[in-house]
Amino acid sequence: MRPLAAQIFSFDQPLAIVGGGVVDPALLRELARRGVALIGADGGGDAIGAAGLVPELIIGDLDSLRDRAGWERRTRVIHIPEQITTDFQKALYSTQAPVTLALGMTGGRLDHTLAALSAVLKYAPQRKIVVVDEVDVALAVVGPIGFAASAGERVSIHPLIPVSFTGSSGLLYPLDGLRLEPGGLGGTSNEGIGGPVEIVPADHTPWLLILAKERLWDMIGIAQES
């Protein structure tokens, strides 16, 4: 759902939407140093503040944000009262950016994690989203993709919904002709064999490419090139 009167905030640089889950303050400061715009999804604004930073804006129903009046003196606070969508979705439908990072959307509560993945599935066809948690980074992919992976590096391919692949190269376990789906065949813990990797799905069904968190900046580059 997008309210008819919703304002869209556009960013020319990568954007990080920060939720109220587990967030590494040092990573937030690194993102800010590298020119990534930071916005808070409701209580995520407080997570940005705890890192000693001020978000570009805070968006949500504001039921979790502490000291709303104090934040309104420091940055733009957008109150969206509808309760049909999550604060993450509100931030997604209110912004545009070449690449969007999602931090603090996973971990802690399983229902929040599942809701975040549902939002990623919905918006993946329109924008490039990278979900960041304590261990991994996951890019929502639509269509073919290419990147480099070292020999033995974990490369997981996760189906959000059933997705078929026509071929792949550079993986220990090829995806040629496979159909991956929740509750069926999965692509967890595949591996690179060293060098270029290419993955070609049969259509534009969204799926997740999951690499270790250390590949965050590489993943942003992969997203920009895909």
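The values are calculated or read from the model by the stated rules, or taken from the named source; none is laboratory data. What you are looking at is a predicted structure, and each value in this text was computed from that prediction instead of being measured. Glycine gets a Cβ as well: all are built from the backbone with ideal geometry, and neighbour counts include every protein chain shown. The accessibility values were calculated without ligands, DNA or RNA, using every heavy atom of the protein model including side chains. Shrake-Rupley method; radii C 1.70, N 1.55, O 1.52, S 1.80 Å.
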**Study point:** Probe 1.4 Å, accessible area per residue of the stretch 6-123, Å²
**Key:** 44
Check your understanding: Once you have the alpha carbon radius of gyration of the stretch 74-145, what is it after dividing by 2.2 N^0.38 Å, with N set to its residue count?
Key -> 1.14
Review point. What is the Cα radius of gyration of the stretch 183-226 over 2.2 N^0.38 Å, N being its residue count?
Key: 1.30
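Assign one of three labels to the stretch 1-77, namely rounded, prolate or oblate, based on the Cα gyration tensor with a ≥ b ≥ c the square roots of its eigenvalues; rounded applies when a/c is under 1.5, prolate when it is not and a/b is larger than b/c, and oblate otherwise.
Here the stretch 1-77 falls in the oblate category.
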Practice item. Go through G187, V137, P55 and say which Cα lies farthest out towards the positive end of the charge dipole of the chain; charges sit on Cβ, +1 for Lys and Arg, -1 for Asp and Glu. Key: P55
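Specify, per residue and in Å³, the volume enclosed by the convex hull of the alpha carbon atoms belonging to the chain. Write down the numbers at each step before the final one.
Working: hull volume 26.5 nm³, N = 226.
Looking at the chain, the number lands at 117 Å³ per residue.
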Review point. Whose amide H sits under 5 Å from the amide H of I58, counting only residues 5 or more places off or on another chain, with H placed in the peptide plane?
Key: G40, R76, V77, I78
Study note, to complete from the structure: With +1 on the Cβ of every Lys and Arg and -1 on the Cβ of every Asp and Glu, the dipole magnitude of the chain about its Cα centre, in debye rounded to the nearest 20, is 460
Review point. Using a 1.4 Å probe, what is the accessible area per residue for the stretch 168-226, in Å²?
Key: 50
Point to revise | Solvent-accessible ranking of M219, M105, largest area first, probe 1.4 Å | key: M105, M219
Review point. Thinking of the stretch 160-199 as a set of Cα atoms, what percent of all their pairs are more than 17 Å apart?
Key: 28
Practice item. Report the residues of the stretch 100-136 in range of a label on V22: point 7 Å along Cα→C-beta, backbone N strictly under 18 Å from it. Key: 102-117, 131-136
Practice item. Measure off, as a whole percent, the carbon and sulfur share of the 1.4 Å-probe accessible area of the stretch 90-226, all protein chains present. Key: 56
Point to revise | Potential lengthening between V200 and Q7 on full extension [0.36 nm per residue; Cα-Cα distance subtracted] | key: 65.9 nm
Exercise for review: Specify the residue with the greatest mean-square fluctuation among I129, I161, I58, computed from a Gaussian network of the chain linking alpha-carbon atoms under 10 Å apart.
Suggested key: I161
Revision key, fill the gap. In whole Hz, the Karplus estimates of ³J(HN,Hα) for the stretch 90-106 (6.51, -1.76, 1.60; θ = phi - 60°; x where Gly or Pro) are 4, 5, 5, 6, 9, 9, 9, 6, x, 9, 10, 9, 10, 10, x, 9, 10
Review point. Using the Karplus equation 6.51 cos²θ - 1.76 cosθ + 1.60 (θ = phi - 60°), what ³J(HN,Hα) coupling, rounded to whole Hz, does each residue of the stretch 51-61 give in order, writing x for Gly and Pro?
Key: 8, x, 10, 10, x, 4, 6, 10, 10, x, 7
Check your understanding: Once amide H atoms are built 1.01 Å from N in the peptide plane, which residues 5 or more positions from L208, or in another chain, come under 5 Å H to H?
Key -> V141, H158, L160
**Study point:** Residue-averaged [θ]222 nm for the chain, counting only DSSP H segments that reach four residues, each worth -39500 (n - 2.57)
**Key:** -6500 deg cm²/dmol
Point to revise | Computed label-point distance, nm, for sites R109 and W217 using a 7 Å Cα→Cβ extension | key: 3.5
Review point. What does the convex hull of the alpha-carbon atoms of the stretch 126-226 project to on average, in nm²?
Key: 5.7
Check your understanding: For R68 and V54 in one chain, what is 0.36 nm times their gap in residues minus the Cα-Cα distance, to one decimal in nm?
Key -> 3.7 nm
